[in-house]
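Here's the structure, in structure tokens; my notes come after.
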């Protein structure tokens, strides 16, 4: 190796996907520097357990995030990044909370549901 050539160390990226409720796939990839999110997903899609999750992410059915911040397929990965494949929500969390509140009632749910006998509401 001459003095003008330098060995380029691979970067390590962790990929996580919640394929089903309470199920999490985790993989660690060693990639070359400058690898895009799309290239990483294409590499990972060769593994059978990851094929459907990567296909959904590449087709823009699932959202992509780096450390919980939204990214696109063309973004470049860095060493130590955590790429997250996020399924779409089935129910809006605000709607679910409202429905839960209606079914449970005001006194049995929320932060102040358990209070001392004789105490005012909210204390």
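What follows draws every value from the coordinates through simple rules; no lab data is involved. Predicted, not measured: the structure shown is a model, and the values here were computed from it. Positions of Cβ are backbone-derived with ideal geometry, glycine not excepted, and every protein chain shown enters the neighbour counts.
With N counted as the residues of region 1-91, its alpha-carbon radius of gyration over 2.2 N^0.38 Å works out to 1.18. Highest mean packing first, where packing is the average number of other Cβ atoms within 10 Å per residue, the peptides 39-47, 60-68 line up as 39-47, 60-68.
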